[in-house]
Amino acid sequence: MNALLWVLQIGLALLYLAGGSYKVFKFDALANHMRALSRGGWRALGVLEMVGAVLLVVPAAAHWMPVLTPLAAAALALETLALAGLYARYSLKLAATNPTVWAVVMGLLSALVAYGRYA
């Protein structure tokens, strides 16, 4: 189980780091698709995702305050599932390219990591 959690943590960290940097640095491309949040809102979510991505791996790997890992996973799960609701409100087409599908999967996997590292 520990190996599975590490694989999930590293994979989620890479995905959240990429998604967060996209929200922070490529706002203009995102703003054309979704006007639900302001520029500052998208940047705040991006920074939260990038910090959470680092906290998914570093504290557990360094054995320094490992309690931060399940807290970061839980925060990312809540943020991602809330964002999935926002995506679902503005995107009605259900396809593999719909961000709602990916947000729900990433949110549930983050919740699994939070539960696995807390238990």
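The values are calculated or read from the model by the stated rules, or taken from the named source; none is laboratory data. None of these values were measured; they are calculated from a predicted model. Counting neighbours? That spans all protein chains shown, and the Cβs are built from the backbone with ideal geometry, glycine included. The protein model used for the area step is the full one, side chains on, heavy atoms only, and it has no ligands, DNA or RNA in it. Shrake-Rupley method; radii C 1.70, N 1.55, O 1.52, S 1.80 Å.
Counting only helices (runs of 4 or more DSSP H) that fall entirely inside the range 20-105 and contain at least 2 residues that are on the phi < 0 side of the Ramachandran plot, touching a helix residue (DSSP H, G or I) at 6+ places or on another chain (Cβ under 6 Å) and open to solvent by 30 Å² or more (accessible area, probe 1.4 Å), the qualifying elements are 39-62, 68-90. If you check LEU12 against the conditions, is it touching a residue at least 60 places away in the same chain (Cβ under 8 Å) and under 12 Å from MET106 (Cβ atoms)? Taking the combined requirement at face value, the residue satisfies it. For VAL67, the conditions (1) more than 24 Å from MET1 (Cα to Cα); (2) modelled with pLDDT under 95 are fulfilled apart from (1). So which residues in the range 79-103 are closer than 17 Å to LEU8 by Cα and free of Cβ contacts under 8 Å to residues at least 24 places away in the same chain? Within the range 79-103, TRP102, ALA103 qualify.
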